[in-house]
Structure formats: C-alpha cells, structure tokens
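Notes follow once the structure below has been shown.
Only the coordinates and a few stated rules stand behind these numbers; no lab work does. These numbers come from a predicted model, not from an experiment. Cβ placement follows ideal geometry from the backbone for every residue including glycine, while neighbour counts extend to all protein chains displayed.
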C-alpha cells in the first residue's frame with residue numbers, strides 16, 4: 001500500500017513538473033469525513049473533520065491528530081446530526097435532533113482538547129424564526145465570551161466556555177410562536193428579543209438591562225461603513241466621510257428570478273450621506289437615482305465613487321435613452337452638479353451573452369477638466385470640471401473590447417485601447433433536472449425548466465493601439481501608428497501601458513519601450529527578446545519595489561523600473577489569464593505572485609498554477625488549479641499555505 005502511494009505521488013509530481021511545493025505536514029485521521037470535511041481556521045492550526053458518529057481535530061501545521069471523539073463512547077448517543085463550529089471561540093456544538101416531546105441534550109466541546117466544556121438540556125434547536133445553528137455561530141459576543149441561547153420561556157446570555165449565565169430574560173409571547181426571534185443587533189451592543197409580529201424588547205449585551213433608546217447604542221460610522229450595500233469614502237482634507245448606500249429592489253429581484261439570474265438586486269435609489277469626521281454629525285443627506293449592472297456570479301453591483309476637489313464622482317450604468325452614467329455631486333450640498341454618458345458594462349452576443357465589467361478606465365479630473373472614455377460611442381470626451389459642459393470629443397477609436405489605461409500629463413491625454421479582458425459569459429439550456437451551485441468562478445441557476453450557467457472567461461484577442469490627444473483641443477498628436485516605424489514595432493498586441501516615474505512604459509508582445517508622453521519618442525528600449533521567454537502577454541508594476549514583471553509565454557522577466565534594466569528571468573510556461581494569486585487570498589501581489597501554467601484561458605479552465613519568487617526569480621512550486629477554484633478555501637490567511645485532502649489524509653504545503 002505504501003509503495004502504491006509512493007508511485008502515485010511520483011506520477012503526480014511528474015505530471016505537474018519537477019518543481020513541487022515543500023510539504024509542511026501530512027496526517028491521517030481514523031475515518032473519512034462526511035459532515036465537516038476539512039473545515040479549518042485561517043492559520044491551519046485546527047482542521048475539524050467528522051461524521052455523524054465521530055469527530056477529529058487536526059493540527060495542520062504540526063501534522064498531528066489533536067483529539068478524536070466517539071459520540072457513542074463519550075455520550076452514549078449513536079449519532080449527532082447537528083454539528084456547528086464557532087471558530088472565533090473554538091467551541092463546537094453537537095446534538096441530535098429535537099423531538100416534539102423532548103429537547104435533545106446539547107454538548108459544547110472544546111476545540112483545543114475535544115473535552116466537553118458543558119452541556120444543557122434546556123436550549124431548543126428551533127423556536128419561531130430562531131435557529132440554534134445561527135445563534136451559536138453568529139450571535140457570539142467576543143467581549144463577554146457569551147452566546148445567545150433561548151428556551152421557550154426565556155433568553156439566556158451564556159458563557160460559551162463554562163455554561164455560566166451572564167444574564168437571563170423571561171418573556172411572554174404576544175402573538176404566535178412563529179414570530180419569536182432573538183439576536184445580537186449588528187453595530188449595536190444590544191440584544192433584540194421579538195415576542196410578537198410587532199412587539200419586541202431590547203437589552204444590553206453586557207448586563208441584560210432593558211432599554212428604550214436604542215440609538216444611544218448605535219455605532220453609526222461602523223454600521224454605515226460596513227453595512228449591507230454600503231460604500232464608505234473618507235475625505236481627510238475636508239475632515240468628512242461619505243456613505244453611499246443602496247437598498248434591495250423587489251422589482252429587479254422578481255425580474256432576476258424569471259430570467260434565471262436569481263439573487264437580490266439593488267434598486268436605482270442611492271442615498272448619499274455626508275458626516276463630519278470625529279463627531280459623526282450629519283452635514284447633508286441626498287438621494288439620487290443611479291442604475292447599476294451586476295456581476296452575474298456574485299450579484300455585486302457595478303458602481304464606483306471617488307472624490308476630487310470638492311466633488312464626488314460616481315460611475316454607474318446610464319439611464320435608458322439618457323446621457324448619464326457619470327454623476328458629479330457637489331460636496332457642499334449633496335446636489336448633482338452635472339452628468340455625462342458613461343457605461344460600467346459592455347454586452348455582446350445574443351444566444352451566448354458576454355458581459356465586460358468596467359470596459360473603460362475611471363474618468364480623470366485634471367487642470368479644471370474631466371476626461372472620460374465614452375465606451376458606448378468609442379470616443380474620448382473632455383468636460384469642464386465645474387459646469388460639465390462638453391469642451392471637445394475625439395473621433396471614434398477602434399472598437400476594442402477594453403480600454404486599459406487613460407493618462408493625463410504634461411498637456412497630453414494618452415489612451416491605450418485593447419486589453420485582455422475578464423468577462424462574464426451567460427448560457428442557457430433545457431434541463432429536466434438541474435442542480436444549483438456556485439464556485440468563485442462559476443454559478444449555475446435553475447428555473448422554468450432551464451439551466452442558466454454564468455462563468456468568468458478570459459479573452460486576450462483584441463484590437464490594440466495608443467492614441468495621444470492634445471488635452472486642450474482633442475487633436476491627435478501621436479499614436480502607435482505614427483511611431484510604429486520609428487519604434488520598429490507594429491503594436492499589434494500591447495500587453496500593457498503604465499505611467500511610471502513621469503514616463504510612459506509600454507510592453508508589446510515582442511518589445512519593451514519607455515516613451516516620452518509628449519511626442520511618443522522612444523526614450524529607452526530593452527532587449528527582452530534576448531531572454532528567450534517568448535511573447536509577452538501581461539505586465540505588472542509593483543510601486544513599493546519599483547520593479548516590473550513581464551509575463552511571457554515561456555516565463556517571467558523582471559525589470560528595474562527606475563534604471564530601465566533587466567534584473568533577471570525565470571523559465572516557466574504561462575498562459576494569458578488573470579493572476580492565479582487573485583484567487584488565493586494573497587496579502588501581497590509581489591510576495592505571493594502566482595500565474596496559471598496550463599489550461600484554456602478562453603474557457604477559464606485551468607490545469608496548473610505556479611508560485612513565483614520575484615526576489616530570487618525562481619519557481620517555488622507547481623500545483624493543480626482546482627485548489628484555486630474549489631468552493632472550500634484551500635489556502636491559509638495571506639496565502640502562505642495550502643492543503644490537499646482525500647479521504648482520511650490531509651497534507652499541508654508551504655507556498656513559500
């Protein structure tokens with residue numbers, strides 16, 4: 001058996017390449033988990049695995065079984081259908097189902113030792129709208145180490161480690177039992193107990209004291225900044241902050257349900273609130289209608305907000321038959337100053353629909369003007385910063401799938417068009433049987449006898465070019481066509497352009513240039529072809545390190561941005577796609593740099609990925625791509641480690 005496992009590991013290593021990640025630990029548990037399947041804390045110190053009859057906790061870093069637990073042996077109960085893990089407290093709640101006649105005993109287990117901390121035969125599994133699973137996992141107060149647990153006559157605030165009551169509150173139902181609910185109010189230090197359809201009471205979490213004035217316990221700034229459908233923007237120079245807050249739309253939710261998109265959707269009505277920093281005193285509050293398109297997989301609305309010189313700029317979808325999309329709001333009053341045509345999406349296709357989110361760059365305010373890429377009409381437009389009046393608009397540029405960059409500097413407006421685009425694709429098919437599910441890159445929705453599939457795709461085929469306009473007139477001063485012969489490059493494929501250190505850095509598939517923004521003249525060029533890394537398809541700039549990584553077909557080239565010299569290269573097959581590190585939960589784009597190495601980027605079906613050490617310019621390791629796309633997170637916090645598991649075996653690897 002051991003020989004077969006060794007051969008399997010050797011075959012896997014050969015299939016992935018010679019470079020493999022360092023294994024930190026490997027451990028086998030006494031059973032194949034079915035209830036908790038490798039649930040873990042962010043630091044991999046605790047992996048919880050279980051079935052209905054037994055449980056085990058693994059230390060993923062040390063590679064050892066911390067404890068095992070047989071429900072029959074320990075509690076004389078054959079199965080525990082309900083198992084919940086409060087990771088914040090590292091306490092596990094297990095119990096069998098309640099019956100109509102009796103309440104099943106509830107066992108609270110120490111996640112560190114597997115020992116029972118305490119048990120209770122008082123607390124109900126479900127009562128009205130309250131569910132013990134939610135109460136135990138979501139209504140935990142770290143300040144008091146207490147959880148909120150009800151009986152059918154009282155609500156208890158109980159220390160999760162000892163079972164000791166901090167306080168209890170008896171209640172009398174004012175209506176039907178189905179209306180009962182209790183929970184810790186988010187952004188308050190209060191517990192709400194709902195005793196009827198329209199009757200409720202409020203108690204402090206600390207002492208269980210009943211209060212009437214709930215607003216005195218409300219953390220407004222935290223609530224608005226982190227609340228549902230809210231965007232928080234600090235404006236230090238004004239000593240103010242703004243909250244842009246939406247609400248659900250019943251109509252859009254209904255339309256989404258019948259069209260197969262599903263989910264909840266934000267209404268067009270957006271509330272903007274301006275507060276004084278420190279005092280949270282409200283300065284103004286206004287409502288504006290702003291349509292939004294949505295990410296079909298996450299349901300996140302496409303809407304952005306930024307501040308510049310006394311004005312809020314809000315990017316959203318345009319109203320139908322209306323020149324809107326970019327709304328400019330006066331910071332003194334909250335009233336709209338002006339609008340212009342701007343779109344946050346571009347949709348193409350009939351049977352198979354593809355959506356490109358934010359196909360144009362953010363508008364650029366500069367020298368009392370605002371420069372906008374109108375992707376609806378394929379023009380660059382210049383507006384007066386204060387009045388919104390149109391100053392000039394360019395001729396039409398080629399219909400590229402995405403406009404990656406807009407730079408305004410030294411009297412020039414420089415636009416790069418054409419870029420690899422991450423899109424969302426929608427398709428539908430008849431389905432007698434359909435299973436709804438979602439992953440980080442895909443979502444399947446069922447409805448009306450059809451299966452709707454939404455998935456991210458990556459397309460790097462486009463029309464490419466650079467156009468430099470006079471900032472005052474919109475006249476074309478130079479372009480990739482005018483400098484092609486001088487630069488000895490057709491600019492048929494532009495991997496990226498970036499404005500760095502006062503110069504325009506441009507990478508095509510074959511060359512790397514540093515251009516003068518004023519006239520497009522070549523200030524410097526690097527012989528990247530000598531590195532024999534193949535065609536370049538992407539460029540990443542790391543400002544803290546002041547270095548550039550060129551992603552090429554056969555490897556990665558590192559460039560010193562300041563000195564404009566090649567620092568080294570590393571050989572590894574790569575494919576044009578979004579960075580693999582984006583799906584790892586990486587906390588540093590530079591230190592955790594990772595690329596896909598095999599797969600089909602057009603369909604976003606990948607086979608392998610590699611982690612690149614950009615300091616040493618070496619490949620740390622190569623692994624299977626499904627780790628990045630699985631529903632369960634396989635990476636520790638900051639993407640320092642990842643795990644692989646099958647049956648009884650769990651192995652942990654270091655990314656670095």
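Data for the structure
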read-out: The stretch 547-569 residues near the modelled residue 588 label - backbone nitrogen below 17 Å, point 7 Å along Cα→Cβ; value: 547-549
read-out: Under the Debye formula (equal points on every Cα, no solvent term), log10 I(q)/I(0) of the stretch 53-118 at q = 0.15, 0.20, 0.24 Å⁻¹; value: -0.48, -0.81, -1.09
read-out: Mean separation of Cα contacts under 8 Å (6+ apart) over length of the chain, as relative contact order %; value: 8 percent
read-out: Normalised convex hull volume, the chain, alpha-carbon set, Å³ per residue; value: 192 Å³
read-out: Angle between the chain longest axis and helix 250-259 axis [Cα atoms, degrees, rounded to 10]; value: 80 degrees
read-out: Taking the stretch 50-140 and dividing mean pair separation by its residue count, relative contact order in percent (alpha carbons under 8 Å, at least six apart); value: 19 percent
read-out: Fraction of the pair-distance distribution of the stretch 463-533 above 19 Å, Cα-Cα pairs, percent; value: 30 percent
read-out: Two-decimal ratio, the stretch 355-401, of alpha-carbon radius of gyration to 2.2 N^0.38 Å; value: 1.19
read-out: Theoretical FRET efficiency, 1/(1+(r/R0)^6), r = Cβ-Cβ of residue 129 and residue 218, R0 30 Å, to 0.05; value: 0.85
read-out: Viscosity 1.306 mPa s, temperature 10 °C, Stokes-Einstein D of the stretch 121-235 from Kirkwood C-alpha radius, µm²/s; value: 107 µm²/s
read-out: Rg/Rg_ref, the stretch 472-654, where Rg_ref = 2.2 N^0.38 Å and atoms are Cα; value: 1.17
read-out: Between 0 and 90°, nearest 10: helix 2-16 axis offset from the chain longest Cα axis; value: 30 degrees
read-out: Relative contact order of the stretch 472-654, defined on C-alpha pairs under 8 angstrom at six or more residues apart (%); value: 10 percent
read-out: Extension gain (nm, one decimal) between residue 154 and residue 309, 0.36 nm per residue minus Cα-Cα; value: 50.2 nm
read-out: Peptides ranked, highest mean first, by Cβ atoms within 10 Å: ranges 171-178, 53-60; value: 53-60, 171-178
read-out: Order of 476, 94 - criterion: other Cβ atoms within 10 Å of each residue's Cβ, fewest first; value: 476, 94
read-out: Euclidean distance of C-alpha centroids, the stretch 100-161 and the stretch 537-567, integer Å; value: 54 Å
